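Some notes on the structure that comes next.
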Amino acid sequence: MILVIGGVSQGKERFARELLCAGDEKNYEKKMARGGRDLPEAVFQKPYVSGYHEMIRDLLKEGKDPDRFTRKLIQAEPELIIMDEVGSGIVPISRDEREYREAVGRAGQLLAAHATQVYRVICGIGIRIK
């Protein structure tokens, strides 16, 4: 599994696309489950996941355990997961937002531990950190 992380709008998606498919846009899109658009369970039907942090938000809203879901995702052996880093900056006042940030951080740790490659993308530049 390849994990691609980074801040909002830093070029993670473009970097991952170039890393995996060298211009094969149609197949890349067909293989992608997208957080904020698809139900979290879509990650078990497609090999690529983008916006996993948004799926975690959806899981929390549904009262589901993101750690358990992430472990199940790891067992499904996806090829690629893209997620935003959300733990930097000011700690939110809202308890729900703090729990969301913590859940995304824990998921990132689990995924990184099982990934064969981890990249952090900043300003469109991917840096391999594992």
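Here are some conditions: (1) in contact with a Cys (Cβ under 7 Å, 6 or more places away or on another chain); (2) buried (at least 20 other Cβ atoms within 10 Å of the Cβ). ASN27 meets all but one. Which one does it not meet?
If we test ASN27 against (1) in contact with a Cys (Cβ under 7 Å, 6 or more places away or on another chain); (2) buried (at least 20 other Cβ atoms within 10 Å of the Cβ), just (2) comes out false.
Applying the selection to the range 59-84, what residues are acidic (Asp, Glu), more than 18 Å from HIS114 (Cβ to Cβ) and open to solvent by less than 70 Å² (accessible area, probe 1.4 Å)?
Result: ASP84, single match.
Tell me, yes or no, whether the range 94-104 has at least one residue that is within 13 Å of the chain's Cα centre (by Cα) and more than 19 Å from SER9 (Cβ to Cβ).
Scanning the range 94-104 turns up at least one residue that is within 13 Å of the chain's Cα centre (by Cα) and more than 19 Å from SER9 (Cβ to Cβ).
If you take the residues of the range 30-44 that are touching a strand residue (DSSP E or B) at 6+ places or on another chain (Cβ under 7 Å) and surrounded by fewer than 21 Cβ atoms within 10 Å (Cβ to Cβ), which of them is nearest to GLY124 (Cα to Cα)?
Once the filter is applied, the top-ranked residue is ARG34.
With the condition kept exactly as written, say whether any residue in the range 10-21 is without any contact (Cβ under 8 Å) to a residue 60 or more places away in the chain and under 18 Å from GLY108 (Cα atoms).
Looking through the range 10-21, none of the residues is without any contact (Cβ under 8 Å) to a residue 60 or more places away in the chain and under 18 Å from GLY108 (Cα atoms).
Out of curiosity, is ALA103 within 24 Å of ILE129 (Cβ to Cβ), in contact with a Leu (Cβ under 7 Å, 6 or more places away or on another chain) and among the small types (Gly, Ala, Ser)?
yes
The values are calculated or read from the model by the stated rules, or taken from the named source; none is laboratory data. This one's a predicted model, so the numbers in the text were calculated from it and none came from an experiment. Every residue, glycine among them, receives a Cβ derived from its backbone with ideal geometry; neighbour counts consider all protein chains shown. Note: accessible area is taken over every heavy atom of the protein model, side chains too, but ligands, DNA and RNA are not part of it. Shrake-Rupley method; radii C 1.70, N 1.55, O 1.52, S 1.80 Å.
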